[in-house]
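The values are calculated or read from the model by the stated rules, or taken from the named source; none is laboratory data. The model shown is predicted, which means the values in this text are computed figures rather than measured ones. Cβ sites come from the backbone with ideal geometry, for glycine too, and all protein chains shown count toward neighbours. Surface areas here come from the heavy atoms of the whole protein model, side chains and all, with no ligands, DNA or RNA. Shrake-Rupley method; radii C 1.70, N 1.55, O 1.52, S 1.80 Å.
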Amino acid sequence: MAASFLHPLLAAGVDMPLEWVVGLGLALFSVGLLGVACRRNILIMLLSVEIMLNAANVVLVAFSRVHSELSGQVFVFFSMTVAAAEVAIGLAIVIAVYRLRQSTDVDDAADLGEVDYGPVPPLKLEGEDQHHHDDHGDADHSNDAGSDGAAPDSAEPIGAAGEA
Amino acid sequence: MMGVLGTAQLGMAPIVAHIFSKNDDGSASFGWVIGRILVVLLMVHVILILGALMVWAERRVSAWMQDRIGPNRVGPQGLLQPLADLGKFMFKEDVIPGHVNKVMYTIAPLIATIPALITFAVVPFTGSYETVGGESVAVSWQIADLNIGVLYILAIAGIGVYGIALGGWASNSKYSLLGGVRASAQMISYELSLGLAVVPVVLMAGSLNLGEIIAYQAENTWLIFTQPLAFFIFLTASYAETNRLPFDMPESETELVAGYHTEFSSMKFALFFLAEYANMTVAAALVTTLYLGGWTFFGLETLGWGMGVLIFSLKVIFFLFAFIWVRWTIPRFRYDQLMNLGWVVFLPLTLINVVLTAGAIALDQTWMFFLLPVLLIAAACVATWIGWKRDEDKFQPLPTAPAAGEEGHA
Amino acid sequence: MTVTVKPVRRRKASFLDRLYLPAIAKGLSITFMRMFKPKVTMQFPEERWTVRDEYRGMPVLVSDDEGRPKCVACSLCEFVCPPKAIFIVPDELEAGNNVERGPAVFDLNMLRCIYCGLCEEACPEEAIFMSKNYLVWGAEREDMIFHKDKLYELGGVREEGVKKWKDK
Amino acid sequence: MTTVLFIVFGGMALVSALLAVTRQNPIASAIWLVGMFFGLAGVYVVLEAYFVAAVQVLVYAGAIMVLFLFVIMLLDLRTKQLDEEGPPKMPIWGVLAAVLFIVASGWALMDAVGTPGFFPDAEERAALELDGSAKAIGADLFGRWLLAFEVTSILLLGGILGAVILTKRRLT
């Protein structure tokens, strides 16, 4: 019934060796492992984690098929939920790290200490002297993403702890 | 369930029916595969021609709404204008700017077009009544009878955004990139409301199969009457998903030149164009199927499968007209308004709708289906009223403006 | 940089305005009704504008009622033409004509002409006129340079006006 | 037939995954990963898990990767910056670890295959019926696994809150 639309093509049922599917899962997992272990780009590391989760999904579906048991497919949903939550948090971390370090390389984020990008010019208020905060600026603050477009809504420097 | 466009029902000679039928054991015969390919080709061409005609219709209708006449020179009533447009697109120079990412730039229009074309596979375009177990049941005909038809359409339609986002990114220009980023954000925001607006339909019909949803509506009532809010939200969200005005942020020409397709020309641009119109056709067909009973029309469809095609086409054409109609009436939303509408208005409304519908089904209170829309519309009105009250301080008389002399020196 | 704030009073949106839907429905009904209103588009090649008397179309050369060219190739129009669209080579006409002078070449470059009408103003013989013809076209750039014969053909006969050479 | 389809889809998934982890440009990686999701969806169809296949495309390709793409575009990594990084370096120990993993787990798999009854043989498999429809999965999900389902909602809520707090610059 479920297979009605493909039935003529798959009339004989699943006739391939299911071990192959588990093998595919293994191969995908090691590819994901390769990505996480070798790549330094945080985005690609996140993608590799997705590959590993998918490898687990393949194996779950395969065993669900083998044992004629739906739980495997249900577990795939839970795995997808975990993946969705992981991506949301992971990407939020990527954005936070990128804001601080201007880089997507994990090695740049290896050091816990704040990088001093120099003070961010404070919010310009109406009527304030235009040249008032020129002495704050130094060559470094051009690096700070927070200082260019978004300065008006953050009166404090982004890397506030760095000044302390 | 009979899903294939059954050749026997089309009244073809038995010998033809034999050629295109499956083997006796239900496996695929050569003739069956050929027959399926022919049906698929027919369907694809119907959409392509419809897409071309839509360009003509868009220009004619917009002209009528602006007291103009529109293209009426090429062929009767300008109906051959699409051919002229096509000729122009084909023979124009295909410029690939030097600064683009060539691979992505080339495949982006394809990625945008293909999902739009393949979604139509599960849409039932006609059907007939058949006696199943002593009961007359509406059986729909479509290319592929998928048990998860609704999910299939939602899944594939979500892929189309890659074409737009990648096209914008690969063009390597500011306007295109902004268009692409907007497209992906908009798509994520509105896919939620779109999917949640379908859930009550699925709950009431008890199936994800589009044919069974139509059968439910043929037996009971059209879902637009019992789920008007879901219908309205689905329709609006599909405008956003197809990037049509008032939600055409990705290509808003007054801000972003042409958005994601600024750098595209010739057939690449034509493919983006085609994808938009094919997407509109699919959205119209889906609204028709989910909320307006598809190919059924109060018993008129019993006249034969041709009547079913006619009814379905007329409904789809009405919604296609509505797409054009709305485009030339409502101005574009601001981006924050767009996001606000999606996340703050539509998402809670659809969620409440889902919960209430599920409750009504669980309690088996069918009369509640008719009360639900009234309740929800009242709730929406109350929510609006509260918001309106809260906004009141925004409109308090402003502090008096400084005198003219001071103003310049402030 | 200082920002000058100019307070603008906004009308408070009414409750119906906040619902948006009535406004949208109203807009939709307006556009729908417009579809059946008479159209204002003019079907150009079949229908033409009736131009006013003051209209300045393409400059043309005219002949008198006896079909004789009026231009005496004085070159005043060539001199006065701001964009230098006119090119004249004067020539002596054969005996038998009432005048001895006429243009051998009279080229009017319609790619340059600005329809200012100064040639018409300047012409002592009233031989060049701003016609009502606004349909100036050519498939190539050469086609847009109108020669003497073409200009006389477009101008036709004009009976009124200066005929001083006829009295001689 | 299923064998051929499996090789096509599985191969597509594997090749796309390999290309995804070796691309220098994150956008190219993301696109190849979409290819992998489609390949895996095909594998699920071959395994008659239609609902999972549709959800795979809907959730992974339709939502998660669009979000990824959105973030990558938002970060706007310049090609210059990518060039400075140079082509992706694949340390030999990393490759070795991956190979070691695949060998070790492959050996375990082979061991399991040898165990009688672990994998049903062909006749047994043909007799197996599995209804992978939405209805059956829904019944299972909201029956046996209801508690787990409810817990995932808390997980997702945590995810939402975490993402909002991490990306919001200042909580005022």
| request: Can you tell me which residue among B:GLY294, B:GLY306 is at pLDDT below 85 and in a helix (DSSP H, G or I)? | output: B:GLY306
| task | Name the residue, out of C:PHE32, C:PHE44, that is hydrophobic (A, V, I, L, M, F, W, C) and surrounded by 13 or more Cβ atoms within 10 Å (Cβ to Cβ). | result | C:PHE32
| said: Tell me whether segment B:132-145 contains one or more residues that are modelled with pLDDT under 85, among the charged types (D, E, K, R) and touching a Phe, Trp or Tyr at 6+ places or on another chain (Cβ under 7 Å). | reply: yes
| message | Given the criteria crowded, with 16+ Cβ neighbours inside 10 Å, modelled with pLDDT of 75 or more and within 7 Å of chain A (Cβ to nearest Cβ), does D:LEU130 qualify? | response | no
| Quick check: is even one residue across segment B:138-145 buried (at least 22 other Cβ atoms within 10 Å of the Cβ) and within 10 Å of chain D (Cβ to nearest Cβ)? | no
| Pair list, Cβ under 7 Å, 6 or more apart: segment D:141-156 residue more than 7 Å from every other protein chain (Cβ to nearest Cβ), other residue aromatic (Phe, Trp, Tyr) and assigned to a helix (DSSP H, G or I) | D:PHE142/D:PHE149
| request: List every residue pair whose Cβ atoms lie under 8 Å apart, where the two residues are 6 or more positions apart in sequence or sit on different chains, the first residue falls within segment B:246-274 and is without any contact (Cβ under 8 Å) to a residue 40 or more places away in the chain, and the second residue, located anywhere, is not basic (Lys, Arg). | output: B:GLU253/B:GLY259
| Out of B:THR226, B:THR254, sole residue that is open to solvent by 40 Å² or more (accessible area, probe 1.4 Å), of a type in the set (Val, Ile, Thr) and within 24 Å of B:PHE323 (Cα to Cα) | B:THR254
| note | Only one of (1) farther than 18 Å from A:ALA55 by Cα; (2) assigned to a helix (DSSP H, G or I); (3) modelled with pLDDT under 80; (4) open to solvent by 10 Å² or more (accessible area, probe 1.4 Å) does not apply to D:PHE70, and that is (3)
| task | Could you please let me know if B:PRO124 is within 21 Å of B:VAL46 (Cβ to Cβ) and within 14 Å of chain D (Cβ to nearest Cβ)? | result | no
| task | Determine, yes or no, whether B:TYR162 is aromatic (Phe, Trp, Tyr) and in a helix (DSSP H, G or I). | result | yes
| Does segment A:51-64 hold any residues that are under 21 Å from D:ALA17 (Cβ atoms) and more than 28 Å from the chain's Cα centre (by Cα), and which are they? | A:PHE63
| field | Flag if B:SER193 is hydroxyl-bearing (Ser, Thr, Tyr), more than 14 Å from B:THR262 (Cβ to Cβ) and in a helix (DSSP H, G or I) | value | yes
| said: Would you confirm, using the coordinates I've provided, whether B:PHE369 is part of a helix (DSSP H, G or I), at pLDDT below 70 and more than 30 Å from C:ARG9 (Cα to Cα)? | reply: yes
| query | Does at least one position in segment B:120-130 carry a residue that is in a helix (DSSP H, G or I), within 24 Å of the chain's Cα centre (by Cα) and modelled with pLDDT of 85 or more? | reply | no
| Got at least one residue in segment C:65-77 being at pLDDT 80 or above, surrounded by 11 or more Cβ atoms within 10 Å (Cβ to Cβ) and hydroxyl-bearing (Ser, Thr, Tyr)? | yes
| task | Grab the helices (runs of 4 or more DSSP H) fully contained in segment C:1-109, keeping just those with 3 or more residues being within 14 Å of chain B (Cβ to nearest Cβ). | result | C:15-19, C:21-34
| message | Being in contact (Cβ under 8 Å) with a residue 60 or more places away in the chain and either out of contact with any strand residue (DSSP E or B) (no Cβ under 8 Å at 6 or more places or on another chain) or farther than 26 Å from C:ASP53 by Cβ (or both) is true for just one of C:LYS132, C:LYS84. Which residue is that? | response | C:LYS132
| query | Would you call B:GLU241 without any contact (Cβ under 8 Å) to a residue 60 or more places away in the chain and open to solvent by 10 Å² or more (accessible area, probe 1.4 Å)? | reply | no
| note | So, first residue within 14 Å of chain C (Cβ to nearest Cβ) in segment B:329-356, second residue hydroxyl-bearing (Ser, Thr, Tyr), Cβ within less than 6 Å, six or more apart or across chains; the pairs are B:THR329/C:THR31; B:ARG332/B:SER252; B:PHE346/B:SER193
